[in-house]
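Accompanying notes for the structure given below.
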Amino acid sequence: MMPSRTRFVVVTVLAYAIGASVWILVSDSVMALLLDPETMTRFAKIKGLAFVTVTAALLGMAMFRIPARGMNTDGAPHISSLSSTVGGMVKGMRLRNYLVRLILLSGAPLLALAVVLGALTIRDREAESEAQAESIVRDVMAEIDQKLSSRLGALGMLANSPLLDEPALWPQFYRLAQEFKAGFGSHVILAETGDPMRMVMNTREPLGTPLPPLPRPQGRAAAPEALATGKPVVGDSFMGPVSKSPLIAIAVPAVRAGAATRHIVLTTIETGQFQQHLDRLRLPAGWSLAVRDGRGSTIASRGRGGDDVADGRNHLSAPSSVAGWTVALTIPRDVRNAPAIAASILLGLGLLLAGGGSVLGGLWASRTIDRQISSLADGEENAAAPTIAEIVRVRQRLDLAAEQIRDNQERFARLFEAVPVALGFSTFDGRILARNRHFDSVFSRTATELATIDDWWRQSYPDPEYREQAKASWSERLAQAIAERGPIAPAEVWIVCGDGRRRLFEVSGIAVDDGALAIFVDVTERRQAEEALRHRAEEMELLLHQVSDSEEKFRLLAENAIDVIFWADPQQRLRYLSPACRHVFGRAVEDFLADPNLMTAIIHPDDRDAYVRHLAEADNHVGEMEFRVVHPDGAIHWVAHRCWPVHAADGAHLGRHGINHDITDRKQAGVALREGEERFRQLFEHAPIALSTSDRDGRIALMNSSFINLFGYTPAEMQTVEDWRRLVLVDPQQREFESLDRANNWKGESGHSSSMEFHEQTVRCRDGSTKTVLLSRRNLGADMLLVVVDVTERKSIEANLMARNEDLRRFNSAMVGREIDILAMKKTINALSAELGRAPPYPLSFLQDEHGRPTS
């Protein structure tokens with residue numbers, strides 16, 4: 001059993017150790033106000049262990065110095081002895097004083113430690129200030145990059161739009177640009193490449209308004225650099241020629257495979273948008289922030305000293321990942337040192353008020369911090385709102401960023417659904433996140449059927465071998481786009497749709513950070529048409545080869561052609577004309593051979609100068625023009641003329657040959673069409689084209705007989721516009737486009753244009769036949785006029801005429817070469833006959849000039 005003296009010492013030491021431990025816990029609460037959690041954890045264990053060890057050892061040594069006299073045999077002291085001993089201790093040094101000195105002695109290292117920790121606190125405060133500055137610079141730059149990236153992505157979709165390749169579709173492209181402007185608040189510019197670059201479209205101005213050339217600012221100009229690199233570029237600030245305000249330009253080239261870049265799509269952002277963003281940002285007092293472009297010019301700034309970095313200032317900057325911009329933050333020295341000075345003062349006050357005040361303050365502070373942390377960590381609606389400025393600022397910034405992200409996502413979703421091509425977005429981990437309505441319409445597959453990329457590959461490419469080839473091609477093009485930070489190169493692949501159809505698509509896309517946007521353009525009909533033209537060309541080549549074997553067969557074709565085939569020598573004298581000249585020009589072949597100036601004389605006086613200039617230039621290149629000729633009876637006929645230079649095998653110029661085609665009927669048909677449009681209101685009921693009117697509710701009020709005869713349906717069957725769309729429009733996409741076109745016409749002012757815009761559509765009649773028509777609408781105020789022109793036969797005739805002209809051109813090319821060879825043989829035979837003293841068997845007087853000398 002432990003002796004009583006020893007037991008007394010052990011109990012005393014344990015009691016003091018427990019009390020010291022409680023004091024350490026209280027001091028830790030005070031230190032939590034000055035230290036970050038990581039530093040406090042690192043020093044707390046060392047401090048506690050050292051304090052308990054030192055104080056317990058000193059107290060033990062003091063207690064073991066109590067005299068052993070006055071003890072019983074079992075070691076327990078007598079009351080008298082204990083009293084005298086205690087009295088002796090009081091006379092020397094009371095235990096309370098001894099413990100006070102011991103605590104003071106033990107507190108000396110803690111005081112030194114507090115000084116060291118104070119220095120560490122000042123350093124940590126400075127590090128925290130730098131971290132906050134870096135966070136602000138990084139967050140501002142990230143938000144600017146996100147704003148620029150979203151516009152670059154949307155501009156890339158506009159630049160890849162097929163509407164850009166056809167000027168006739170630019171009004172639709174202009175509407176898409178207006179939707180971009182409505183979504184992002186930035187105007188869109190379409191410019192032609194060249195020097196200088198000419199603006200052809202600007203959403204600031206109505207379509208067709210003359211626009212100045214693009215300005216070329218100093219520094220990094222977006223449009224020239226995008227044209228040079230073929231990639232999207234964000235340029236430096238410049239003064240806008242239209243808005244007369246500082247702007248930032250973003251340019252995306254309209255790159256087309258196998259063709260030179262002809263257009264650049266740009267958008268401009270007013271620098272005031274970035275200034276507004278900086279004005280909304282909460283900065284510590286005295287800090288300044290500036291956004292600068294590639295040449296160092298300030299785009300936007302906040303606070304004093306934002307435009308310079310002088311001595312005595314702490315300067316931090318961050319570069320942009322999508323532009324040559326930087327965000328710079330400047331902290332003056334006095335502002336930077338203020339937290340350190342404040343921390344030093346607080347540390348001194350804390351050391352002076354150590355003791356009871358520090359304990360109470362530590363408890364209060366610990367409870368306060370716990371509540372603040374709990375309110376931030378819980379995130380519940382009924383939790384107490386945080387009052388710490390940093391926590392409130394972070395929460396506000398996160399809420400603002402979330403709201404902006406939601407707005408951008410809504411704008412992108414509207415643009416995503418409105419694009420008239422199939423779009424699908426998938427992540428790199430194989431999930432299909434988004435697809436537009438055109439995607440569902442084209443591929444006829446539901447979201448359940450195509451939930452992942454593996455589902456897409458398996459269902460759209462049922463042939464395993466072809467599927468692996470398509471996968472490899474897509475992966476290679478995607479990797480290249482990611483490496484070059486550009487669009488995914490287009491490629492053509494065969495895809496099986498949900499209804500079993502196998503269609504040819506041109507697949508391209510855009511790679512982003514977390515996935516890829518795939519763009520599908522159906523080119524099946526285009527490839528079929530190209531294949532048909534190729535077969536037609538092969539057939540014509542075979543026919544030409546067969547015809548060239550027999551001069552008589554070729555002459556038979558030429559003599560019976562409805563177009564004039566001619567050959568003129570370098571002196572512009574006609575050497576050959578086909579008999580069709582009597583039909584086209586109203587004169588015989590002999591008249592033109594006898595009079596070299598007859599061709600120029602019969603041309604209408606208003607077109608004669610243009611024809612003379614054409615002859616002067618025709619020896620160098622292929623020429624085309626239209627002119628009028630006057631027949632002997634005074635009738636005026638329109639002629640389409642095409643000619644090209646001819647050279648011998650040795651390169652000698654032999655003149656030119658070509659084709660003249662009578663286009664009088666086509667010209668007259670065009671005039672009749674224009675006159676019919678002018679007399680529309682007076683001749684509605686008797687018009688030769690289909691006409692109808694409808695009110696705003698879609699009820700068809702009137703339709704003429706041509707409208708009824710064209711489609712074959714009675715007025716009772718077509719009481720509304722929706723009935724008409726359902727009966728005659730074959731493709732659902734056509735019905736959707738027609739509905740949108742009608743709605744857009746209602747939005748415009750009545751009679752806003754003197755001309756009407758026609759759209760070509762394929763319609764289905766009651767008898768099951770399909771026809772090609774031109775559709776146009778006119779807003780008449782209370783009613784909407786629908787004009788339908790049947791161009792089925794005209795389309796067929798034009799296609800036949802183009803094919804016939806191409807045939808005749810090939811015939812003429814072959815005939816002229818054969819004719820030259822025959823003339824050379826005849827000259828040789830005449831020369832041999834002359835040497836034998838015989839008369840020339842072939843008359844070649846037409847190859848001699850008026851003096852009897854041979855011509856070249």
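The values are calculated or read from the model by the stated rules, or taken from the named source; none is laboratory data. The shown structure was predicted, so the numbers you read here are calculated from the model rather than taken from an experiment. Here Cβ is always computed from backbone atoms with ideal geometry, including for glycine, and neighbour counts include all displayed protein chains. Ligands, DNA and RNA are stripped out before the accessible areas are found, and what is left, the full protein with its side chains, is counted by its heavy atoms. Shrake-Rupley method; radii C 1.70, N 1.55, O 1.52, S 1.80 Å.
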Exercise for the section: Pull up region 156-171, narrow it to residues that are exposed (fewer than 15 other Cβ atoms within 10 Å of the Cβ) and without any contact (Cβ under 8 Å) to a residue 60 or more places away in the chain, then point me to the one that is nearest to residue 240 (Cα to Cα). Expected result: 167
Handout entry: From the options 135, 150, residue that is surrounded by 15 or more Cβ atoms within 10 Å (Cβ to Cβ), small (Gly, Ala, Ser), modelled with pLDDT of 55 or more and in a helix (DSSP H, G or I)
Key = 150
Completion exercise
The residue from 213, 206 that alone is without any contact (Cβ under 8 Å) to a residue 12 or more places away in the chain and on the phi < 0 side of the Ramachandran plot is 206
Fill in the blank from the handout: Among the residues of region 645-662, the number that are buried (at least 18 other Cβ atoms within 10 Å of the Cβ) and hydrophobic (A, V, I, L, M, F, W, C) is 3
Handout entry: Checklist (1) touching a helix residue (DSSP H, G or I) at 6+ places or on another chain (Cβ under 9 Å); (2) open to solvent by less than 30 Å² (accessible area, probe 1.4 Å) applied to residue 586, failing item
Key = (1)
Practice task
Could you tell me which residue of region 274-296 is nearest to the chain's Cα centre (by Cα), considering only residues that are basic (Lys, Arg) and farther than 21 Å from residue 220 by Cβ?
Solution key: 280
Completion exercise
Out of (1) out of contact with any Leu (no Cβ under 8 Å at 6 or more places or on another chain); (2) surrounded by 14 or more Cβ atoms within 10 Å (Cβ to Cβ), the one residue 435 does not meet is (1)
Problem - Members of region 176-203 that are farther than 29 Å from residue 408 by Cβ, free of Cβ contacts under 8 Å to residues at least 40 places away in the same chain and outside any loop (DSSP other than H, G, I, E, B) - result: 198
Exercise for the section: Assess whether residue 569 counts as being modelled with pLDDT of 70 or more and of a type in the set (Asp, Glu). Expected result: yes
Handout entry: Search result, residues across region 244-285 that are surrounded by fewer than 17 Cβ atoms within 10 Å (Cβ to Cβ) and of a type in the set (Asp, Glu)
Key = 279
Exercise for the section: Answer yes or no: is there a residue in region 465-477 that is under 24 Å from residue 416 (Cα atoms), at pLDDT 90 or above, open to solvent by less than 40 Å² (accessible area, probe 1.4 Å) and not in a strand (DSSP E or B). Expected result: yes
Handout entry: Out of 457, 494, sole residue that is without any contact (Cβ under 8 Å) to a residue 40 or more places away in the chain, aromatic (Phe, Trp, Tyr) and open to solvent by 60 Å² or more (accessible area, probe 1.4 Å)
Key = 494
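Yes or no: residue 622 among the aliphatic types (A, V, I, L, M), surrounded by fewer than 18 Cβ atoms within 10 Å (Cβ to Cβ) and either within 13 Å of residue 572 (Cα to Cα) or touching a residue at least 60 places away in the same chain (Cβ under 8 Å) (or both)?
Against the criterion (among the aliphatic types (A, V, I, L, M), surrounded by fewer than 18 Cβ atoms within 10 Å (Cβ to Cβ) and either within 13 Å of residue 572 (Cα to Cα) or touching a residue at least 60 places away in the same chain (Cβ under 8 Å) (or both)), residue 622 does not qualify.
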Exercise for the section: Tell me, please, whether a residue that is closer than 28 Å to residue 771 by Cβ and at pLDDT below 80 can be found in region 662-670. Expected result: yes
Handout entry: Cross-chain or 6+ apart pairs with Cβ under 8 Å, region 781-800 first and closer than 15 Å to residue 759 by Cβ, then of a type in the set (Asp, Glu) and at pLDDT below 85
Key = 791/760
Completion exercise
Flagged in region 225-242 as open to solvent by 30 Å² or more (accessible area, probe 1.4 Å), without any contact (Cβ under 8 Å) to a residue 40 or more places away in the chain and not in a strand (DSSP E or B), in numbering order, are 225, 227, 228, 229, 241
Practice task
Count, please, the residues in region 208-262 that happen to be at pLDDT below 85 and among the basic types (Lys, Arg).
Solution key: 3
Exercise for the section: Go through 803, 782, 799 for me and flag whichever is open to solvent by 50 Å² or more (accessible area, probe 1.4 Å), under 29 Å from residue 666 (Cα atoms) and among the aliphatic types (A, V, I, L, M). Expected result: 799
Fill in the blank from the handout: Per the filter on region 692-711, residues under 17 Å from residue 764 (Cα atoms) and in contact with a strand residue (DSSP E or B) (Cβ under 6 Å, 6 or more places away or on another chain) are 706, 707, 710
Exercise for the section: Find the residue count for region 486-508, including only residues that are over 20 Å from the mean Cα position of the chain (by Cα) and under 18 Å from residue 258 (Cα atoms). Expected result: 3
Handout entry: Failed condition for residue 780, given (1) modelled with pLDDT under 80; (2) outside the structural domain of residue 693 (by the TED database)
Key = (2)
